[in-house]
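Colleague: Below is one structure. I have some questions about it.
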Amino acid sequence: MSTTAVRRTADLDARTLSAIRGLLDEAFDGDFTDADWAHALDGTHALVHHEGRLVGHGSVVRRQLWHGGRTLRAGYVEAVAVVPDRRRQGIATALMDALETAIRADHDLGALSASDDGAGLYAARGWLLWVGPTSVRTAEGDRRTPEDDGSVFVLPGTVALDLRGALTCDWREGDFW
Ligand SMILES: CC(C)(COP(=O)(O)OP(=O)(O)OC[C@H]1O[C@@H](n2cnc3c(N)ncnc32)[C@H](O)[C@@H]1OP(=O)(O)O)[C@@H](O)C(=O)NCCC(=O)NCCS
């Protein structure tokens, strides 16, 4: 039987953190960096276990986004992954159910940058593809991130969004989106 748990990063012990990192390295086929790992921490994690084995993970972290002249409190989804031998069995669906509950509780919207694998999952759940230009806010002003255009999805909350407008994220090491 599979179970889904929701935990804050601060409540995860070293063994669980190590199991999560191992799952992510496997699921992303060695393409998961230390910066990606840092992005997945300091938030809320959803963990799916099956017969004692960690088979799925995703997290939501707080970020600032800017859109339409407003500062938005985003629940930003990171590090969604399911072990290769348990895919297409609804595990990511269970993860996203838990993460979207956390987003809706305390954020203006949800946001994420989808991999090719993930895009179908989010679209099927009602996440909307951002159509307008994306940027990152730097000390020198906003800088376009054209390589991320067409991969950012949002989960609207109470704030009106114009998907064709500009969307800017806060700066961080590694991938901005
Ligand atoms: C993306 C990923 C997390 C999906 O996990 P999963 O447990 O297989 O997803 P689910 O079984 O819950 O799928 C739910 C639904 O999402 C959609 N979906 C999931 N994966 C999809 C895909 N690759 N293409 C299109 N739609 C997909 C389908 O509607 C699916 O329902 P179905 O199986 O009845 O068709 C998994 O493939 C994975 O870990 N990939 C590698 C890491 C990665 O890219 N993560 C996403 C980062 S943004």
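FYI, it's all coordinate maths here, none of it is from the lab. Keep in mind it's a predicted model, so treat the numbers as computed, not measured. Heads up, the Cβs are rebuilt from the backbone with ideal geometry, glycines too, and the neighbour counts pull from every protein chain shown.
Colleague: Positive end of the dipole of the chain, charges at C-beta (+1 Lys, Arg; -1 Asp, Glu), about the Cα centre: which of 33, 101, 58 has its Cα farthest in that direction?
Modeller: 101
Colleague: Quick one: Karplus J couplings for the stretch 140-149, per residue in order, coefficients 6.51, -1.76, 1.60, θ = phi - 60°, nearest Hz, x for Gly and Pro?
Modeller: Per-residue couplings from phi come out as 8, x, 6, 10, 4, 10, x, 5, 9, 4 Hz.
Colleague: Let me know the charge dipole size of the chain about its Cα centre in debye, to the nearest 20, where only the beta-carbon of Lys, Arg (+1) and Asp, Glu (-1) is charged.
Modeller: 580 debye
Colleague: Counting Lys +1, Arg +1, Asp -1, Glu -1, what net charge surrounds residue 108 among other residues with beta carbon under 13 Å of its beta carbon?
Modeller: Its environment carries a net charge of +4.
Colleague: I'd like the Karplus ³J(HN,Hα) series for the stretch 8-19: coefficients 6.51, -1.76, 1.60, θ = phi - 60°, whole numbers in Hz, and an x wherever there's a Gly or Pro.
Modeller: After applying 6.51 cos²θ - 1.76 cosθ + 1.60, I find 6, 3, 4, 9, 8, 7, 4, 5, 5, 4, 5, 5 Hz.
Colleague: A further question on this structure: Between the stretch 38-110 and the stretch 120-169, what is the separation of their alpha carbon centroids in Å?
Modeller: Each part's Cα centre sits 17 Å from the other's.
Colleague: Now for a different question. Given the rule -39500 (n - 2.57) for each run of at least 4 DSSP H residues, summed and divided by the residues of the chain, what is its mean residue ellipticity at 222 nm, to the nearest 500 deg cm²/dmol? Can you show the working numbers first?
Modeller: Working: 4 runs with 45 residues, N = 177.
Value at 222 nm, helices only: -7500 deg cm²/dmol.
Colleague: Compute the long axis of helix 91-106 from its Cα atoms, compare it with the longest principal axis of the Cα atoms of the chain, and write down the angle in degrees, 0 to 90, nearest 10.
Modeller: The helix 91-106 is inclined about 50 degrees to the chain.
Colleague: Residue by residue through the stretch 165-177, what is 3J(HN,Hα) from phi via Karplus (6.51 cos²θ - 1.76 cosθ + 1.60, θ = phi - 60°)? Round to whole Hz and write x for glycine and proline.
Modeller: 3J(HN,Hα) across the stretch 165-177, in whole Hz: x, 7, 9, 10, 10, 6, 7, 7, 5, x, 5, 5, 10.
Colleague: Then there is this: Only counting other Cβ atoms within 10 Å, I'd like 76, 122 sorted with the fewest neighbours first.
Modeller: Working: 76 24, 122 21.
Lowest to highest Cβ neighbour count: 122, 76.
Colleague: Among 55, 159, 82, 60, which comes first, second and so on when ranked by fewest other beta-carbon atoms within 10 Å?
Modeller: On the way: 55 20, 159 13, 82 24, 60 29.
Ranked by crowding around the Cβ, least crowded first: 159, 55, 82, 60.
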